[in-house]
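The values are calculated or read from the model by the stated rules, or taken from the named source; none is laboratory data. Computed from a prediction, not measured in an experiment: that's the story for all the values here. Methodologically, a virtual Cβ is constructed for each residue, glycine included, from the backbone with ideal geometry; neighbour enumeration extends over all protein chains shown.
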Amino acid sequence: MLDDLLSSSLEARIASPIPGTYALVLQSRADTSVQIGRCGTLLIQPGFYVYVGSALGPGGLRARLTHHLRQPARLHWHIDHLRRRATVVAAWYRFGRARREHTWAKLLRDTTGSSIPLPGFGSSDCKCPSHLFYFSTLPILHLRGAELLDTADLIGSGTS
């Protein structure tokens with residue numbers, strides 16, 4: 001339902017395989033846990049999770065976001081594990097080959113109300129403490145130059 005809305009918006013806004021950086025906002029409504037490969041066990045609690053990543057390969061943002069907006073058949077990335085337990089409610093993106101995910105991760109880490117639920121999540125190939133951040137309430141994101149794929153008011157928050 002919401003995934004279909006985001007997928008439709010994605011196809012309309014990103015028509016070709018352009019590289020870029022993205023931030024997924026996911027929502028969990030229940031306490032649960034999931035094993036994240038060798039990274040450890042992620043204790044999931046009700047609230048919002050923001051994951052940042054890059055899509056610099058041949059499929060670009062469209063391919064990567066399409067993958068993340070669907071329930072993964074095969075678990076490839078850390079986020080695929082969380083994706084089975086949480087719903088994507090928004091996605092931010094910015095075109096370009098620059099590796100902005102590290103800057104965005106620092107911005108999220110420094111955002112009031114942010115915590116790192118599992119060190120090393122999504123950041124096994126860099127020095128960032130994590131690329132996943134937890135917020136008990138829907139965060140207001142200020143990612144310079146990024147565009148919102150779909151607005152958070154799809155889940156009734158009224159923010160955009």
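Per-residue answers, yes or no, for (1) crowded, with 17+ Cβ neighbours inside 10 Å; (2) of a type outside the set (Lys, Arg); (3) within 26 Å of ILE18 (Cα to Cα):
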position	(1), (2), (3)
ARG29	no, no, no
GLY60	yes, yes, yes
THR66	no, yes, yes
PRO72	no, yes, yes
ASP110	no, yes, no
GLY113	no, yes, no
ILE116	yes, yes, no
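Here segment 100-135 is the region considered, the condition is being assigned to a helix (DSSP H, G or I) and among the charged types (D, E, K, R), and the residue that is nearest to SER28 (Cα to Cα) is ARG109. Evaluate segment 17-29: report whether one residue or more is at pLDDT 90 or above, out of contact with any Phe, Trp or Tyr (no Cβ under 9 Å at 6 or more places or on another chain) and either within 26 Å of ASP125 (Cβ to Cβ) or not aromatic (Phe, Trp, Tyr) (or both). Within segment 17-29, one or more residues are at pLDDT 90 or above, out of contact with any Phe, Trp or Tyr (no Cβ under 9 Å at 6 or more places or on another chain) and either within 26 Å of ASP125 (Cβ to Cβ) or not aromatic (Phe, Trp, Tyr) (or both).
For segment 112-128, indicate whether the set of residues that are of a type in the set (D, E, K, R), out of contact with any Pro (no Cβ under 7 Å at 6 or more places or on another chain) and over 18 Å from LEU141 (Cβ atoms) is non-empty. The answer is yes, given that some residue of segment 112-128 is of a type in the set (D, E, K, R), out of contact with any Pro (no Cβ under 7 Å at 6 or more places or on another chain) and over 18 Å from LEU141 (Cβ atoms). Here PHE121 passes the criteria (1) closer than 19 Å to LEU65 by Cα; (2) in contact with a Gly (Cβ under 6 Å, 6 or more places away or on another chain); (3) aromatic (Phe, Trp, Tyr) except the one numbered (2). Taking the condition within 10 Å of the chain's Cα centre (by Cα), farther than 19 Å from SER28 by Cα and either of a type in the set (Gly, Ala, Ser) or surrounded by fewer than 22 Cβ atoms within 10 Å (Cβ to Cβ) (or both), does GLY53 pass? Taking the combined requirement at face value, the residue satisfies it.
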